[in-house]
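Here is the structure we will look at.
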Amino acid sequence: MSNRRVKSLAYDDDDDGLDYDDGYDEGYDEGQGELSAEDKEQLRLGTVKVKQALGTTYQVPDADIQDALWNYYYDIGKTVTFIKNKHKPKQSLQHTPESALIRGNRSVRYQPPPSVKGFFDDCPWLQIPPHRKAEILVEPVHTVRGLLGGASKDPKMSKLAALAAKRRQKESAGPPAATKSSADAPQDEYAANLSKLSLSSDTAKDRGKKAKEQGGLPAASNEDADEAGEENEPPAELGSIEEEPVVARTQPSEFAVTFLNTPRTPYQTTTLSFNVLTGDNQAFDFKDPSPDDIVYKAQTGRTPNKAAQPKPIAKVQPKTNLTNGITSGLDNLAVSETTKLKSKNLDVLAEYKKVKHKNAANFVVIGHVDAGKSTLMGRLLFDLKAIDSRTMEKYKKEAEQIGKGSFAFAWVLDQGTEERERGVTIDIATNKFETEKTSFTILDAPGHQDFVPNMIAGASQADFAVLVLDASPGNFESGLRGQTREHALLAKSIGVRHLIVAVNKMDTVAWSQERFETVKTQTASFLKATRFDLDTTAFIPCSGLQGDNILNRTTHPAATWYTGETLVQALDAFEPVTHNLDRPLRMTIADVFRGGVQNPLSISGRIEAGSLQVGDQVLIQPSGEKAYINRLDLDNDDGEEVHEWAVAGQNVVLHLTDIDAIHIRSGDVVCSPTKSPIQNISRFTAQILAFNHLTPMTVDIHRGRLHVPGRISQLIGVLDKKTAEITKKKPKIVQPEQVVRVVVELERGVPIETGGRVVLRSGGETVAAGLVE
C-alpha cells in the first residue's frame with residue numbers, strides 16, 4: 001500500500017507562529033512511513049465492511065480495498081462503488097459457458113455466435129425457402145403481370161365496344177323490320193362488324209382461370225393455332241377478325257428473366273388481323289365516310305366538320321449536308337431582336353449653346369464620423385421642400401421606434417438597412433435640390449475610416465466640398481486628428497479647390513462665439529498648410545438638428561454675434577466650373593444596374609469631358625468592349641424625358657445595347673472608340689505628395705471608383721514643392737509631406753492617362769496622392 005500523506009513544509013523558518021502541521025503528523029514516522037494505530041484500526045474495520053458489501057461475487061485483495069479506503073477517507077459507499085467499477089465479478093458468462101444464469105424470470109444460456117459464412121447459399125434472388133422467410137414477407141394477393149408483359153386480367157371495355165354491345169342487345173330484342181329506316185342500315189352493318197371484334201366475358205374468364213391453374217401464362221396449343229389459321233380467312237362480304245381475340249402475351253424481358261430467375265417459355269401468340277377489303281374484294285376508299293363518321297352522324301345528325309381537322313404536316317426533305325443545315329439554322333436563330341437607334345450626328349456643342357441652362361454643380365460632404373453630415377443635409381433638403389413632410393414624419397416615427405429619434409433627418413440620405421442600424425453612412429448617398437441660380441447634386445460621403453475608398457469615389461465627382469465639423473468639446477479635437485484631416489487632404493489631392501466649412505452642433509455649446517473662433521482658428525491653420533485658399537473659404541456656424549443657419553438665419557438669442565451668410569447662401573454663391581466640352585469623351589461609371597424590361601443594361605455617372613448622343617458607339621475600358629447608346633436620361637429628369645445628347649459636367653444614365661453585363665463594372669471608363677480612346681496601362685510615373693513614410697512597397701491605387709493592386713517599384717527622386725526639380729535622387733525612404741516622383745506598377749492594365757489623379761493606400765491608410773505624368 002502506498003502512503004499518500006505528505007508533510008507540510010513551511011516556506012519560511014521565521015513564520016508567524018502558526019504550526020501548520022499541528023495534529024496532522026502525530027504518530028507518523030518519517031523514517032519508516034508507517035501508519036498510526038488509529039489509522040490501522042480504521043482500515044481494518046473498513047476492509048471488513050467493504051467485503052461484507054461486496055459479498056462473494058468479487059474477489060479483491062485487501063491491499064486494493066485499503067488503498068481505496070485511504071483515497072476516499074474511509075467512505076464505505078464510495079469505496080464499494082469504485083471497486084465494483086474496477087474489478088469484475090467472480091463468475092461471468094465467459095468462464096461458465098455451460099452454466100445458466102438467472103436474470104429476473106428468464107434463463108439465459110451462453111451460446112457461441114453463429115457463423116454467417118454460407119448463410120445465403122440456399123437463397124437465390126426472390127426465391128427464399130419458406131422456412132427462411134420472416135413474417136414481414138407476405139405473398140401478394142394478385143399476380144404481378146406488368147413486368148412479364150401482357151395486359152391486365154380484366155381489360156376495360158372501350159366506349160366503341162360498349163356501343164356495339166348495346167346495339168346487339170337492341171337487335172336481339174327483335175324490333176320490327178318496317179320501323180328501321182334506310183339511314184340505320186350502315187349503322188347496323190357497322191355494329192355487326194363490331195360484334196366480331198368483341199371479347200366475351202366467359203372466354204376471358206376461362207382463359208384466366210386456366211392460366212391461374214397452370215401457375216404461369218396461358219400457352220396456346222397447336223390445335224388452337226390451327227383453328228385460328230382456318231378462321232382467319234376473310235369472308236367475302238366484309239373483312240373482320242374471325243377468331244375471338246385472345247389477350248396477347250409477349251416473352252418476358254431480359255431484365256425480368258435475370259431479376260426473377262424466370263425461365264423462358266415458348267409462348268405462342270395469336271395474330272390479330274383485320275381485313276380492310278370490301279365485299280367485292282376492293283380496297284377501302286378513304287374518301288368515303290369512315291365508321292366513326294357514320295356513328296357520329298347517327299348520334300348527332302350532323303356531318304363531321306372536316307375543316308376543323310388538323311392539316312397534314314408537310315414532309316421535310318432531309319438535307320444532304322448535315323453540317324450546312326445546322327449552320328444555316330444557327331444563322332437564323334436569334335434570342336431577341338434589339339432595335340439600334342442610328343445617331344443623328346448632331347453638333348452637340350452648337351445645340352448646347354442654343355439652350356439656356358441653369359448652373360449645375362456637384363458637391364461632396366466630408367468630415368469625421370458622427371460630425372452630423374447626413375443630418376445636416378437631410379435638414380437642408382427638408383427646409384428646401386426637396387422632401388415632403390409626410391415622408392419626413394414617416395422617418396421620424398420609424399427612428400423613434402428603434403430609439404434613434406435624432407437620426408430621422410439622416411435617413412433622408414441613408415436609405416440602406418445596414419446604414420440605419422449602425423447609424424453610419426457606408427456608401428455615397430446622392431440627392432438633388434435646386435435654388436434660384438443653381439441645380440445641386442449632393443454626394444454624402446461616409447466618415448468612417450473603413451469606407452475611405454467610397455469617400456474617394458464621391459470626391460472624384462465633385463466640383464467643391466462642404467467640410468462638416470463637430471463643435472462639441474472633444475469631438476472636434478479627435479476629428480482633427482482623424483478623418484477631418486485625411487478627408488481634407490484627399491479632397492485637395494483629388495482636385496477639389498473650393499471649400500465651405502460648416503461648424504455643426506453649435507446648439508451643444510450654447511452658440512458660444514469663443515468656441516466657434518477656436519474651431520475656426522485651428523481649422524484655418526490646417527487648411528492653409530493643405531494649400532486651400534482661405535479667402536474663398538467660408539466658415540458657417542449652424543445646427544443640423546435644429547435647422548439654424550441652414551436655410552434661415554438662427555433666432556437663438558446667444559447667436560446674435562454672427563451676421564454672415566447661411567449655408568444655402570454660401571452654396572448659391574459658388575461660381576460654376578468650366579468643363580472640357582471640346583475634349584474627347586471621358587465618363588467614369590459610377591453604377592451598373594438594370595434599367596427595366598426595355599433597358600436590360602444601364603449605367604450612370606458624370607461626364608468628365610466631351611459629349612455624347614443617342615445612337616453613338618462607345619468603348620468600355622478596360623474590357624475593350626463596344627456598345628451602342630439606345631437611350632439617354634439626364635439624372636435630374638427622373639427618367640421621364642428622353643434626351644438626345646449630354647455634355648461634360650452633367651450626370652447621365654445611359655441605356656446600352658450590344659454588350660454583356662460581365663464586361664462592365666463600376667470604375668470603368670466610357671470613351672469614344674474612334675476619337676482618342678483611353679488606353680490601358682500597367683505601369684506609370686506619378687508625382688505624389690507623401691502622407692506617410694514611403695519605400696518601395698505594395699499599395700492599392702485608387703482613381704475614382706476604380707482601384708487595382710500594385711506596388712511602388714522605384715523612388716526616382718524627391719522634388720522641390722515650388723520648382724518641381726529633383727533635390728535628392730533615388731532616396732531609400734521618403735518622409736511625410738515630401739513630394740516625390742515614383743514609378744508604379746499595376747497587376748493588370750487599367751484606363752489611366754496623363755493628368756489623372758490617383759490615391760495610394762496601404763494597410764487601410766492613405767499614404768500618398770498625386771498626378772500621373
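I'd like to verify a number: residues in the range 472-517 that are surrounded by 18 or more Cβ atoms within 10 Å (Cβ to Cβ), more than 12 Å from Gly367 (Cβ to Cβ) and touching a Pro at 6+ places or on another chain (Cβ under 9 Å), how many?
Result for the range 472-517: 5.
Please enumerate the residues belonging to the range 606-637 that are under 30 Å from Thr435 (Cα atoms), among the acidic types (Asp, Glu) and assigned to a strand (DSSP E or B).
Glu608, Asp633
Restricting the search to the range 512-550, which residues are of a type in the set (Phe, Trp, Tyr) and either out of contact with any strand residue (DSSP E or B) (no Cβ under 6 Å at 6 or more places or on another chain) or over 12 Å from Ile500 (Cβ atoms) (or both)?
Phe516, Phe526
Output yes when any residue across the range 700-715 is outside any strand (DSSP E or B) and either among the hydrophobic types (A, V, I, L, M, F, W, C) or free of Cβ contacts under 8 Å to residues at least 40 places away in the same chain (or both), and no when none is.
No, there is no match, as no residue in the range 700-715 is outside any strand (DSSP E or B) and either among the hydrophobic types (A, V, I, L, M, F, W, C) or free of Cβ contacts under 8 Å to residues at least 40 places away in the same chain (or both).
Looking only at the range 581-593, which residues are part of a strand (DSSP E or B) and either among the hydroxyl-bearing types (Ser, Thr, Tyr) or in contact (Cβ under 8 Å) with a residue 60 or more places away in the chain (or both)?
Listed by number, the residues that qualify are Arg586, Met587, Thr588, Ile589, Ala590, Asp591, Val592.
What do you reckon, is Asp582 under 22 Å from Leu443 (Cβ atoms) and at pLDDT below 90?
In short, no.
Restricting attention to the range 374-401, report how many residues are more than 36 Å from the chain's Cα centre (by Cα) and not in a helix (DSSP H, G or I).
Residues flagged as more than 36 Å from the chain's Cα centre (by Cα) and not in a helix (DSSP H, G or I) within the range 374-401 amount to 2.
Go through (1) more than 27 Å from Ile678 (Cβ to Cβ); (2) out of contact with any helix residue (DSSP H, G or I) (no Cβ under 9 Å at 6 or more places or on another chain) and name the single condition Ile716 misses.
Of everything listed in (1) more than 27 Å from Ile678 (Cβ to Cβ); (2) out of contact with any helix residue (DSSP H, G or I) (no Cβ under 9 Å at 6 or more places or on another chain), Ile716 misses just condition (1).
Considering only residues that are at pLDDT 85 or above and in a helix (DSSP H, G or I), look in the range 54-68 and name the one that is surrounded by the fewest Cβ atoms within 10 Å (Cβ to Cβ).
Filtering the range 54-68 for residues that are at pLDDT 85 or above and in a helix (DSSP H, G or I), the one surrounded by the fewest Cβ atoms within 10 Å (Cβ to Cβ) comes out as Ala63.
If I filter the range 481-526 down to residues being touching a Cys at 6+ places or on another chain (Cβ under 9 Å) and of a type outside the set (Gly, Ala, Ser), which single residue comes out as nearest to Phe691 (Cα to Cα)?
Going through the qualifying residues, I end up with Val503.
Looking at the structure I just gave you, is Arg683 crowded, with 20+ Cβ neighbours inside 10 Å and under 30 Å from Lys721 (Cβ atoms)?
No: the conditions fail for Arg683.
Collect the residues in the range 638-696 that are assigned to a strand (DSSP E or B), among the aromatic types (Phe, Trp, Tyr) and within 19 Å of Leu771 (Cβ to Cβ), keeping them in residue-number order.
Once the filter is applied, which keeps residues that are assigned to a strand (DSSP E or B), among the aromatic types (Phe, Trp, Tyr) and within 19 Å of Leu771 (Cβ to Cβ), the range 638-696 yields only Phe684.
Enumerate the pairs (first residue in the range 47-59 and closer than 19 Å to Tyr74 by Cβ; second residue anywhere and assigned to a helix (DSSP H, G or I) and among the small types (Gly, Ala, Ser)) with beta-carbon separation below 9 Å, excluding pairs fewer than 6 apart on the same chain, so at least 6 apart or on different chains.
Correct list of pairs: Val50/Ala68; Ala53/Gly77.
Identify the residue in the range 729-753 that is within 40 Å of the chain's Cα centre (by Cα) and not in a strand (DSSP E or B) and, among all such residues, is surrounded by the fewest Cβ atoms within 10 Å (Cβ to Cβ).
Here the answer is Glu753.
Name every residue in the range 364-378 that is out of contact with any Leu (no Cβ under 7 Å at 6 or more places or on another chain) and not aliphatic (A, V, I, L, M), in order of residue number.
Matches in the range 364-378: His368, Asp370, Gly372, Lys373.
Can you run down the residue pairs with Cβ atoms below 8 Å, 6 or more apart or on separate chains, where the first is in the range 402-413 and under 15 Å from Asp370 (Cβ atoms) and the partner is assigned to a helix (DSSP H, G or I) and of a type in the set (Phe, Trp, Tyr)?
Phe409/Phe382; Phe409/Tyr395
Considering only the range 682-716, state which residues are of a type in the set (A, V, I, L, M) and closer than 25 Å to Ala491 by Cα.
Ala686, Ile688, Leu689, Ala690, Leu694, Met697, Val699, Ile701, Leu706, Val708, Ile712, Leu715
Per-residue answers, yes or no, for (1) of a type in the set (Gly, Ala, Ser); (2) assigned by TED's automatic domain parsing to the domain that holds Met377; (3) surrounded by 14 or more Cβ atoms within 10 Å (Cβ to Cβ); (4) free of Cβ contacts under 8 Å to residues at least 60 places away in the same chain:
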| site | (1), (2), (3), (4) |
| --- | --- |
| Thr523 | no, yes, yes, yes |
| Asp533 | no, yes, no, yes |
| Thr537 | no, yes, yes, yes |
| Gly547 | yes, yes, yes, no |
| His579 | no, no, yes, no |
| Gly595 | yes, no, yes, no |
| Ser602 | yes, no, yes, yes |
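The values are calculated or read from the model by the stated rules, or taken from the named source; none is laboratory data. Remember, it's a predicted structure, so these values are computed and weren't measured experimentally. Cβ sites come from the backbone with ideal geometry, for glycine too, and all protein chains shown count toward neighbours.
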